[in-house]
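Written below as structure tokens is the structure these notes are about.
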Amino acid sequence: TVGVLLGMVVTGQNFSVIMTGTGVVALAGIVVNNSIVLIDTYQRLRSAGLNRTMAILKTSGQRLRPILLTTITTMIGLLPMAIQTSVDVVHRTIQIGEPTSAWWVQLSTAIIFGLGFSTLLTLILVPVMLTLPDYLRDRRIAQLIGKWRASLAARATQA
């Protein structure tokens, strides 16, 4: 949604509940699919015995190209709609600014900008969030061990 709103501000378009909202819903499906595939790959590598750091690095490397390719092709495919380009097949002309193409501008703009922003989140935030619970658990265990050692040292100096 942040990417969609930024796109609307950058292009100077109004937020249409119907068309922009439909773009947000369509975008959510694409983003969730990318994230699910990334998480599934991570879980598969973890179950194969890789440690979490190697699994997340390998997952990011394996999924980078497919995610970027689908994102870029979708954005390029929607670009003619966003710039109001119509192709008249009968008269063999390409027209820019046609009234019929204006209907789809907000939807395509929402998907283009939202997909660009969400791809960054998918490739950066999802891997970080996958490793965060293990990192926090290990950090907490290290703190508990440090406190335990400090209490043992305090007892040894008292005795």
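Remarks
- Distant-in-sequence amide H partners of THR85 (H built 1.01 Å from N, under 5 Å): GLY97
- Ligands, DNA and RNA left out, the accessible area of segment 47-93 computed with a 1.4 Å probe is 67% carbon and sulfur.
- Cα centroid separation, segment 104-159 to segment 1-54 (Å): 19 Å
- Cβ-based net charge around MET54, under 14 Å, with every Lys or Arg adding one and every Asp or Glu removing one: +3
- The residues of segment 1-150 present an accessible area of 64 Å² per residue when probed at 1.4 Å with all protein chains retained.
- Fully extending the segment from ALA156 to ARG92 would add 14.0 nm, taking 0.36 nm per residue of separation and subtracting the current Cα-Cα distance.
- Based on the Stokes-Einstein relation at 37 °C and a viscosity of 0.692 mPa s, and on the Kirkwood radius from alpha carbon pairs, the chain is assigned a translational diffusion coefficient of 173 µm²/s.
- On Cα atoms only, tilt of 126-158 relative to the major axis of the chain in degrees: 20 degrees
- Taking each DSSP H run with n ≥ 4 as -39500 (n - 2.57) and averaging over every residue of the chain yields -26500 deg cm²/dmol at 222 nm.
- Gain in span if fully extended, VAL2 to ILE141, counting 0.36 nm per residue against the direct Cα distance: 46.4 nm
- Local electrostatic count, PRO133, Cβ distance below 12 Å [Lys/Arg +1, Asp/Glu -1]: +2
The values are calculated or read from the model by the stated rules, or taken from the named source; none is laboratory data. No experiment lies behind these values; they were computed from the predicted model shown. Backbone-built Cβ (ideal geometry, glycine too); neighbour counts: all protein chains shown. The area values use the complete protein model at the heavy-atom level, side chains included, leaving out ligands, DNA and RNA. Shrake-Rupley method; radii C 1.70, N 1.55, O 1.52, S 1.80 Å.
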